[in-house]
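The values are calculated or read from the model by the stated rules, or taken from the named source; none is laboratory data. Quick caveat: nothing in here was measured; it's all calculated off a predicted structure. Glycine gets a Cβ as well: all are built from the backbone with ideal geometry, and neighbour counts include every protein chain shown.
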Amino acid sequence: DTGVSQNPRHKITKRGQNVTFRCDPISEHNRLYWYRQTLGQGPEFLTYFQNEAQLEKSRLLSDRFSAERPKGSFSTLEIQRTEQGDSAMYLCASSPTSWEQFFGPGTRLTVL
Amino acid sequence: RKEVEQDPGPFNVPEGATVAFNCTYSNSASQSFFWYRQDCRKEPKLLMSVYSSGNEDGRFTAQLNRASQYISLLIRDSKLSDSATYLCVVEGGVNKFYFGSGTKLNVKP
């Protein structure tokens, strides 16, 4: 399967714990996006990388959130001191151009 | 005001019907527009881009009205397999995309 992959697919954690998600984009896609989606809503933009550079970051991304893309390949999204409001589906997408985005299956986070 | 607004529906239509969705956006400087489809518990997938001149792909037609800041999606001869949530997407800045909340379509036999 050469699509976007995300791990883990599901994560249950207790409030206050740190979690880290991984996204492996389609090979040679230099653009990578992170989104958050809650029930009944569309994906909300969190951040964007072009290669290893983080070029855009939403104001939704509080200081507890950090994303990296070392070497311009896979990316990680870390949430520190999780809160119940962080419960959502976290989607990663990659793109070879400035338009079509290919989404991964997402990581569903539940904060108890 | 939200960047992109859509009627959440659901739109319940019989097979073979024609159905249309609209979506409004707030940033008049937006240049790129798309429709994505999202099946239940699945990731979004690009359905089609929306060009200034409008574009058609089989049973699907997308239109852009810059003056009124809305885009539309028309589905003709609806199939059961068209049942999904349709997400309107607007580029709000360089490589920053805003998704609407989606319009749910149920096509019934």
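Sort out which residues of region A:59-79 are more than 14 Å from chain B (Cβ to nearest Cβ), under 20 Å from A:THR38 (Cβ atoms) and touching a strand residue (DSSP E or B) at 6+ places or on another chain (Cβ under 8 Å), and write them in order of number.
A:ARG64, A:PHE65, A:ALA67, A:LEU77, A:GLU78, A:ILE79
So which of B:ARG66, B:ARG41, B:ARG37, B:ARG76 is surrounded by fewer than 15 Cβ atoms within 10 Å (Cβ to Cβ), out of contact with any helix residue (DSSP H, G or I) (no Cβ under 8 Å at 6 or more places or on another chain), within 13 Å of chain A (Cβ to nearest Cβ) and among the charged types (D, E, K, R)?
Details: B:ARG66 fails: within 13 Å of chain A (Cβ to nearest Cβ); B:ARG37 fails: surrounded by fewer than 15 Cβ atoms within 10 Å (Cβ to Cβ); B:ARG76 fails: within 13 Å of chain A (Cβ to nearest Cβ).
It is B:ARG41.
Here is a list: B:GLY58, B:GLY93. Which entry is within 14 Å of chain A (Cβ to nearest Cβ), over 10 Å from the mean Cα position of the chain (by Cα), over 24 Å from A:ARG108 (Cα atoms) and surrounded by fewer than 19 Cβ atoms within 10 Å (Cβ to Cβ)?
On the way: B:GLY58 fails: within 14 Å of chain A (Cβ to nearest Cβ).
The conditions single out B:GLY93.
For a quick check of your reading: which strands (runs of 3 or more DSSP E) sit entirely within region B:1-84 and have at least 2 residues that are in contact (Cβ under 8 Å) with a residue 40 or more places away in the chain?
Because the criterion is at least 2 residues that are in contact (Cβ under 8 Å) with a residue 40 or more places away in the chain, the strands (runs of 3 or more DSSP E) in region B:1-84 that meet it are B:4-6, B:11-14, B:19-25, B:33-38, B:70-75.
Mind listing whichever residues of region B:27-67 are modelled with pLDDT under 95 and hydroxyl-bearing (Ser, Thr, Tyr)?
Residues satisfying the conditions are B:SER28, B:SER30, B:SER32, B:SER49, B:TYR51, B:SER52, B:SER53.
Go through region A:1-51 and count every residue that is under 19 Å from B:GLY102 (Cα atoms) and not in a strand (DSSP E or B). Steps first, answer last, please.
As a first pass, look at region A:1-51 and keep what is under 19 Å from B:GLY102 (Cα atoms): A:34-46.
Now restrict to residues that are not in a strand (DSSP E or B): A:38-43.
Of the residues in region A:1-51, 6 are under 19 Å from B:GLY102 (Cα atoms) and not in a strand (DSSP E or B).
Checking A:LEU55 against (1) within 14 Å of chain B (Cβ to nearest Cβ); (2) surrounded by fewer than 19 Cβ atoms within 10 Å (Cβ to Cβ); (3) not in a strand (DSSP E or B), which test does it fail?
(3)
Take the conditions hydrophobic (A, V, I, L, M, F, W, C), within 23 Å of B:CYS88 (Cα to Cα), modelled with pLDDT of 95 or more and surrounded by 13 or more Cβ atoms within 10 Å (Cβ to Cβ) and apply them to A:VAL4. Does it pass? I'd like the intermediate steps shown before the answer.
On the way: hydrophobic (A, V, I, L, M, F, W, C): yes; within 23 Å of B:CYS88 (Cα to Cα): yes; modelled with pLDDT of 95 or more: yes; surrounded by 13 or more Cβ atoms within 10 Å (Cβ to Cβ): yes.
Spelling it out, A:VAL4 is indeed hydrophobic (A, V, I, L, M, F, W, C), within 23 Å of B:CYS88 (Cα to Cα), modelled with pLDDT of 95 or more and surrounded by 13 or more Cβ atoms within 10 Å (Cβ to Cβ).
Taking A:THR76, is it more than 30 Å from B:TYR51 (Cα to Cα), of a type in the set (S, T, N, Q), touching a residue at least 12 places away in the same chain (Cβ under 8 Å) and part of a strand (DSSP E or B)? Don't jump to the end; show me each part of the working.
Numbers: more than 30 Å from B:TYR51 (Cα to Cα): yes; of a type in the set (S, T, N, Q): yes; touching a residue at least 12 places away in the same chain (Cβ under 8 Å): yes; part of a strand (DSSP E or B): yes.
Yes, satisfied.
List the residue pairs whose Cβ atoms are under 7 Å apart, where the first residue sits in region A:81-100 and is surrounded by fewer than 14 Cβ atoms within 10 Å (Cβ to Cβ), the second is β-branched (Val, Ile, Thr) and not in a helix (DSSP H, G or I), and the two are 6 or more positions apart or on different chains.
Listed by first residue and then by second, the contacts come to A:GLU83/A:VAL111; A:GLN84/A:VAL111.
Does A:GLY106 count as out of contact with any Ser or Thr (no Cβ under 9 Å at 6 or more places or on another chain), more than 11 Å from A:ASN30 (Cα to Cα) and within 9 Å of another protein chain (Cβ to nearest Cβ)?
Numbers: out of contact with any Ser or Thr (no Cβ under 9 Å at 6 or more places or on another chain): yes; more than 11 Å from A:ASN30 (Cα to Cα): yes; within 9 Å of another protein chain (Cβ to nearest Cβ): yes.
Yes; evaluated as a whole, the condition is true for this residue.
Listed residues A:PRO96, A:PRO25; which is of a type outside the set (D, E, K, R), away from chain B (no Cβ under 12 Å), in contact with a His (Cβ under 9 Å, 6 or more places away or on another chain) and within 21 Å of B:LYS96 (Cβ to Cβ)?
Working: A:PRO25 fails: in contact with a His (Cβ under 9 Å, 6 or more places away or on another chain).
Result of the check over A:PRO96, A:PRO25: A:PRO96.
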